[in-house]
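Undergrad: Questions regarding the structure given below will be posed in turn.
Each value in this text was obtained by applying a stated rule to the coordinates, not by laboratory testing. What you see is a predicted model, and the numbers here were worked out from it, not measured in a lab. Methodologically, a virtual Cβ is constructed for each residue, glycine included, from the backbone with ideal geometry; neighbour enumeration extends over all protein chains shown.
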Amino acid sequence: MDIPKRRLGRTGTEVTILGLGGEGVLRTFGREKEAYRLINEAIDLGITYCESARAYSGSEAYYGSALKERRGEIFLASKSHARDREGALAHLHETLRNMKTDHLDLWQVHDVRTEEEIGEIFGPGGAIEAFVEARERGLVRFIGVTGHHDPLITRKCIELFDFDTVLMPVNPAEPQYRSFIDEVIPLAVERDMGIVGMKVYFRGAAAQLAPGNLELFYRYALSHPLTTAVIGCDTVGQLRENAGFASGFSPLTVDEKEALSSQLAPVARQLMYYKP
């Protein structure tokens, strides 16, 4: 498939508008054959952005087993949820061992939620020291931050450090609740950051909201100034479906985006915290 690419902000790297997320079948243990097939199918389909996290069960190890000589074909990202320098460096070394690579293209501070965490991460001996050190040593090329819950916390992180990328929820419930779209995207665009969307399908709830029309939610996300949207997949069939959405992508109009968001307003909070 011919999946379009967009520039990942100031990194200058062009990546596909669909990324392989580290969840779904990849956030498991003991499913090596399925994970191997999924990762290699993603690369065969032309997907170039692949991500995981230290917190995602066996995901990193699945990548290490599957990539082999294909490491150079993708932009590889992972994350650390450690809040101190030593913990983050330990995570990075484990990540590199698991993924069987000598560097990450992108290493991200994972899921910052509170002011207390901000104090730990950016204070003396905090995790951000490990991220800067890793970049200086060539263990990572770029540094990012991810936020799942409070856009004001994510915004503050961006104001405190010159991150290359930000990963955040982007879906039509966002503008009706705590809106990363309104609070974070404009600042990220101003700073020429790569913007990566997640929770495009509300962790699977979109399939119940609009059976047979998941493409509408994908189009909503990519109609914003994102570089890519990462989606975890349970099956190769899901992966191929999403690749089809990406290869045939066309943006929604402003009116279409607003109408979809308004329809979901009564259940926006529930959708943002939906757990399958």
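Undergrad: Hey, which of these cross-link pairs are over 32 Å Cα-Cα: Lys68/Lys257; Lys100/Lys257; Lys68/Lys199?
TA: Details: Lys68/Lys257 41 Å; Lys100/Lys257 41 Å; Lys68/Lys199 29 Å.
The answer is Lys68/Lys257; Lys100/Lys257.
Undergrad: Here's a follow-up. Positive end of the dipole of the chain, charges at C-beta (+1 Lys, Arg; -1 Asp, Glu), about the Cα centre: which of Leu18, Thr228, Ala61 has its Cα farthest in that direction?
TA: Checking the options against the dipole of the chain, the answer is Ala61.
Undergrad: Mind checking which helices in the chain clear 15 Å along their axis (Cα) and have mean Kyte-Doolittle hydropathy of -1.0 or more, DSSP H runs only? Mind showing how you got there, number by number?
TA: Values: long enough: 32-44 (18 Å, -0.83); 85-99 (21 Å, -0.67); 236-247 (16 Å, -0.18); 254-264 (16 Å, -0.54).
Membrane-span-like by this rule: 32-44, 85-99, 236-247, 254-264.
Undergrad: Quote the relative contact order of segment 39-182 in percent (integer), defining contacts as alpha-carbon pairs under 8 Å separated by 6+ residues.
TA: Values: 236 pairs, mean separation 27.8, N = 144.
Across segment 39-182, relative contact order equals 19 percent.
Undergrad: Could you check what % of the DSSP bridge pairs in segment 1-131 are antiparallel, to the nearest 5?
TA: Details: 4 of 13 bridges.
That works out to approximately 30 percent antiparallel.
Undergrad: Test of understanding: in a Gaussian network model of the chain with alpha carbons linked when under 10 Å, which of Asp192, Asp44, Asp164 would top the mean-square fluctuation ranking?
TA: Maximum among the listed residues: Asp44.
Undergrad: Considering the dipole of segment 18-272 built from charges on the beta carbon (Lys and Arg +1, Asp and Glu -1) around the Cα centre, which of Pro151, Ala88, Pro175 is farthest to its positive end?
TA: Result: Ala88.
Undergrad: Tell me the Rg and the Dmax, in Å, that the Cα atoms of the chain produce.
TA: Calculated on Cα positions, Rg and Dmax stand at 17.5, 50 Å.
Undergrad: Out of segment 156-233, which chymotrypsin sites (Phe, Trp or Tyr not before Pro) are coil in DSSP terms and have no more than 16 other C-beta atoms within 10 Å?
TA: Values: sites: Phe161, Phe163, Tyr177, Phe180, Tyr201, Phe202, Phe217, Tyr218, Tyr220; in loops: Phe161, Phe163, Tyr177, Tyr201.
For chymotrypsin sites (Phe, Trp or Tyr not before Pro) across segment 156-233 that sit outside H, G, I, E and B with at most 16 neighbouring Cβ atoms in 10 Å, the list reads Phe161.
Undergrad: Go ahead and run the numbers for FRET between Glu115 and Lys33, Cβ-Cβ distance against an R0 of 41 Å, rounding to 0.05. Mind showing how you got there, number by number?
TA: Values: r = 44 Å, r/R0 = 1.07.
After rounding, the FRET efficiency stands at 0.40.
Undergrad: Using label points projected 7 Å from each Cα along Cα→Cβ, tell me how many nm separate Met1 and Val132, to one decimal.
TA: It works out to 4.1 nm between the two label points.
Undergrad: If you find the alpha carbon centre of segment 23-73 and of segment 102-159, how far apart are they in angstrom?
TA: What the calculation gives is 23 Å, centre to centre.
Undergrad: Taking the Cα centre of segment 18-272 as the origin and placing charges on Cβ (Lys, Arg +1; Asp, Glu -1), which of Gly46, Val267, Ala130 is farthest toward the positive end of the dipole?
TA: Of the candidates, Gly46 comes out farthest on the positive side.
Undergrad: Size of the dipole of the chain about the Cα centre, Lys and Arg at +1 and Asp and Glu at -1 on the beta carbon, nothing else charged, in debye to 20?
TA: Values: 32 positive and 39 negative charges, 106 e Å.
Approximately 500 debye in magnitude.
Undergrad: A further question on this structure: When only DSSP loop residues count, what chymotrypsin sites (Phe, Trp or Tyr not before Pro) in segment 92-148 have their Cβ near at most 13 other Cβ atoms within 10 Å?
TA: On the way: sites: Trp107, Phe122, Phe131, Phe142; in loops: none.
Taking segment 92-148 and a limit of 13 other Cβ atoms within 10 Å, no loop chymotrypsin sites (Phe, Trp or Tyr not before Pro) are found.
Undergrad: Moving to a separate point now. Would you mind calculating the relative contact order of the chain from Cα pairs under 8 angstrom and at least 6 residues apart, reporting the percent as a whole number? List each step's numbers first, then the result.
TA: Details: 548 pairs, mean separation 59.8, N = 276.
Contact order relative to length: 22 percent.
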